[in-house]
2 protein chains.
Amino acid sequence: MATINENFLKLQAGYLFPEISRRIRYFQAKNPDAKIISLGLGDVTKPLAPAIIKAMKKAIVDMGSEAGFRGYGPEQGYDFLVNAIIENDFNPRGVELDKSEIFVSDGAKCDTGNIQEIFGLDNVVAVTDPVYPVYVDTNVMAGRTGRANQNGQYERIVYMPCTAENNFIPELPSGSVDIIYLCFPNNPTGAVATKEILSKWVNYARTNKAIILFDAAYEAFITDTHIPHSIYEVDGAREVAIEFRSFSKTAGFTGVRCAFTVVPKQLKAYTKDGRAVEANSLWHRRHSTKFNSASYISQAGAAAAYTAEGKKQCRQTIDIYMANAALILESLTRLGYQVYGGVNAPYIWMKTPETLSSWDFFDRLLQKANVVGTPGAGFGPSGEGYFRLTAFAKPHDVKEAMERFATV
Amino acid sequence: MATINENFLKLQAGYLFPEISRRIRYFQAKNPDAKIISLGLGDVTKPLAPAIIKAMKKAIVDMGSEAGFRGYGPEQGYDFLVNAIIENDFNPRGVELDKSEIFVSDGAKCDTGNIQEIFGLDNVVAVTDPVYPVYVDTNVMAGRTGRANQNGQYERIVYMPCTAENNFIPELPSGSVDIIYLCFPNNPTGAVATKEILSKWVNYARTNKAIILFDAAYEAFITDTHIPHSIYEVDGAREVAIEFRSFSKTAGFTGVRCAFTVVPKQLKAYTKDGRAVEANSLWHRRHSTKFNSASYISQAGAAAAYTAEGKKQCRQTIDIYMANAALILESLTRLGYQVYGGVNAPYIWMKTPETLSSWDFFDRLLQKANVVGTPGAGFGPSGEGYFRLTAFAKPHDVKEAMERFATV
């Protein structure tokens, strides 16, 4: 008899976004004329940069010719992309990386979801609360947790609350944890971490032989020059941190699919009897056994994002999104809301008014303003009483959404 | 202290293809003038069909315009592709499928590697010997096996020998197994299964509440009209079989990345206490939590493979590969080799001469003829004494390789 992985039965019913879609569909069916504006899902709306389009068209011409055709690519990614990554994202910030430390993939969701496979089931996992649900759900599926309590929090996961009271920066855990997921600039709160904050975490990890899984998918949105873009800008981080990057938000690749993960050679995890093993070799084995390289066309496009032209064009798009963020911050502040994030991140995290629950505010906003956001409670109990808006919509939609907010 | 997944330490040292690459590099370094011809790796060489190129170019133009841009796609795949799959691959063969039973992905290697995650660690897994290593290695990583013996076979995996004696069709296991990997047309032996053979397996699975993981990545190479292309052509298979398909070999997508998996709604697996659970809902949860849809461009290209033009062009390419296979079969037969496969599959499975071991024959062929193939032992102990050649090289290379074979 084929049995199922019963850990799947521990998962909470709805992943956040399907539930949002369900409520939108229900509302739209009852109000077919309502023009709904979504500031909910973290998906980009601007077209790809012309330099990227040009490079992908060329890649397709290659694929149509005998001489240019490419079959299976190198599982870790093409050198042309890996080199561009190192030379543009890391070297200018004083971070040296070897090609073998970069693993190109089809998405940071996949990478942050799959990375836990190389670690033992006995590790104690720590996540922030609120948190991107993928970190938690993938550990639940793997069997690294117990059941969920009534708050939706799982036994054996250490939740680190992030609220206005601690500026959305988690305290170090009081006990010992083994694997720590951090995301800065943060989804959903938009908070960023200074070098001092990251140093504190790196030191914690070094002291406890813990590993930091650092999601830097939103680093391109950092505007303050003193905020690190990579955790490797902090001394010692190479020994304890894996970093996840993505072209999804940086270059508009949510539909194109390309990302990468950095696993430094110095980073070690341990057998139960204390023998050190290179995490890089484990991830290499996982990557080459269960993955077969990202599309050549996607990689060609990603590399073009690093050309002078590509950088300038991607920056223009990011500037548009950040102008949206500024408009949201300014409008909501003027309306008397308490708002956070939105300066170094494409996410605006707001307090719900009148102590409304985050789902109640979702419903009110949908019904009164036909505007969709994301209920903070969807990201964890400490997200209750908060609401996430994203800066990725089209500027005229953001403008109209802000006008409608005034009527709520 | 962060611990590793110690199951990774059970894995055999080299995945087959890296070891082949190492030996080629070593030989080429010592013989820089040798013009090596590879009939080894199962990678295609012909450019993409013009209809596919055209569709992908259009998709890229879409991605560069405000109106046409697409962000995150539906996690299960775009309707335009899913509908084309059902209407072209299944309906004409009498197989009805619902859209929700198709999961588009970035590759069959990923899907066949990841599918085991939805099943319990207590399942007994059966594989053929020889076998595509991904099926085994991913179960080792998950902890579903013990250690490997000196033959490289893992405790708790049931190996079903496939040799010339049984026409490379495995016998039903004598004991009870829970999850069975089958691949027809087979990689590496090129064997195919008739409806009668598949029925036997479907009946076994129904009787034992087992699940068949059916890899049909090479179905497009079937030439005999009585050979089923899908396991769902067999009555009752929907209750017990998951089928994997790929555009890699069918449409030359090894570098483009697109595949799909069929998980029928009727297919159930069980909790330890015997409650039936839909495998479809588990895979849906896995897919939407750890994957973020295949590239829009790849999906647009895949859909074009189903247009009248695309079908004709893909068929022309497959015909070229199958002409290669025919030439290999004919040449090697003439030279007195015992050869199998190559009629309904792009793989030719040959007996090594003079009871040479498969790696010894690899070395002899490399040194004497500068031709690369794949040692059968790399696919399992029953592959010892056999050697795999693929039909995916360019015709003039195949011709030259066959001439050189005469000198070995």
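Derivation of every value follows stated rules applied to the coordinates shown; laboratory data play no part. All of these numbers come straight from a predicted model, not from anything done at the bench. When we count neighbours, we look across all protein chains shown, and the Cβ atoms used for this are built from the backbone with ideal geometry, even at glycine.
The magnitude of the dipole of the protein assembly as shown, with charges of +1 and -1 set on the Cβ of Lys/Arg and Asp/Glu and taken from the Cα centre, is near 740 debye. Each of A:S100 and A:A29 was given a label point 7 Å from its Cα along the Cα-to-Cβ line. The distance between the two points is 5.6 nm. Under a model in which nothing but the beta-carbon of Lys, Arg (+1) and Asp, Glu (-1) is charged, chain A shows a dipole of about 700 debye around its Cα centre.
Note on the protein assembly as shown: dipole from Cβ charges, positive end direction compared against A:F221, A:S281, A:T128; the farthest Cα belongs to A:F221.
You can think of it this way: the chain between A:H226 and A:S357 has 43.6 nm of extra reach, that is 0.36 nm per residue less the Cα-Cα gap. Structural descriptor for region B:93-201: relative contact order 25 percent, calculated from alpha carbon pairs under 8 angstrom and at least 6 residues apart. Using a Förster radius of 41 Å, what is the FRET efficiency between B:A323 and B:N203 based on their Cβ-Cβ separation? Nearest 0.05, please. E(calc), rounded to 0.05, equals 0.65.
At most 13 other Cβ atoms within 10 Å plus a DSSP loop assignment makes a site exposed; report the longest stretch of chain A without any exposed GluC sites (Glu not before Pro). Free of exposed loop sites, the longest segment is A:172-408. Listed by Cβ neighbour count within 10 Å, with the fewest neighbours leading, A:T128, A:T225, A:T250, A:T333 appear as A:T225, A:T333, A:T250, A:T128. Basic side chains Lys and Arg get +1 at the Cβ, acidic Asp and Glu get -1 at the Cβ, and with that the dipole of region A:331-408 about its Cα centre reaches some 180 debye.
B:K58 to B:R364: FRET efficiency via 1/(1 + (r/R0)^6), r the Cβ-Cβ distance, R0 56 Å, to the nearest 0.05?
The calculated FRET efficiency here is 0.70.
The label-point distance for A:N149 and A:S176, in a model that sets each label 7 Å from Cα toward Cβ, rounds to 2.4 nm.
Calculated mean residue ellipticity, 222 nm, the protein assembly as shown: -10500 deg cm²/dmol, from DSSP H runs (n ≥ 4) at -39500 (n - 2.57) each, averaged per residue and rounded to 500. Rounded to the nearest 0.05, the FRET efficiency derived from the C-beta distance between B:K394 and B:N166 at R0 = 41 Å is 0.75. Looking only at region A:275-317, which residues have a backbone nitrogen under 18 Å from a spot 7 Å from the Cα of B:Q12 in the C-beta direction? The answer is A:285-286, A:288-290. Only one residue of B:Y337, A:A305, A:N114 has its Cα farthest out toward the positive end of the dipole of the protein assembly as shown, where Lys and Arg carry +1 and Asp and Glu -1 on Cβ, and that residue is A:A305.
Of all DSSP beta bridges confined to region A:53-307, the antiparallel ones make up roughly 45%. Across identical copies of the chain, A:P92 has label-point separations of 5.2 nm, listed in ascending order, with the point defined 7 angstrom from Cα along Cα→Cβ.
Each part reduced to its alpha carbon centroid, region A:356-405 and region A:207-267 end up 28 Å apart.
Relative contact order of chain B: 23 percent, from C-alpha pairs under 8 Å at least 6 residues apart in sequence. The residues neighbouring A:P47, those whose beta-carbon lies less than 12 Å from its own, together hold a net charge of +1 under the Lys/Arg +1, Asp/Glu -1 convention. Which Cα, out of B:S293, B:P173, B:T261, lies furthest along the positive dipole direction of region B:53-306 (beta carbon charges, K/R +1, D/E -1)? The one lying farthest along the dipole's positive direction is B:S293.
Going by C-beta contacts inside 10 Å, put A:D224, A:D363 in order with the fewest on the left.
Listed from fewest to most nearby Cβ atoms, that is A:D224, A:D363.
Highest GNM mean-square fluctuation, chain A, Cα pairs closer than 10 Å: which of A:D273, A:D43, A:D98? Evaluated over chain A, the most mobile residue of the options is A:D273. Here the contact order of region B:173-229, divided by its residue count and restricted to Cα pairs under 8 Å and six or more residues apart, works out to 46 percent. The local environment of A:E165, defined by Cβ-Cβ distances under 15 Å, has a net charge of -2 under the rule Lys, Arg +1 and Asp, Glu -1.
Secondary structure note: in the protein assembly as shown, about 55% of the DSSP beta bridges are antiparallel.
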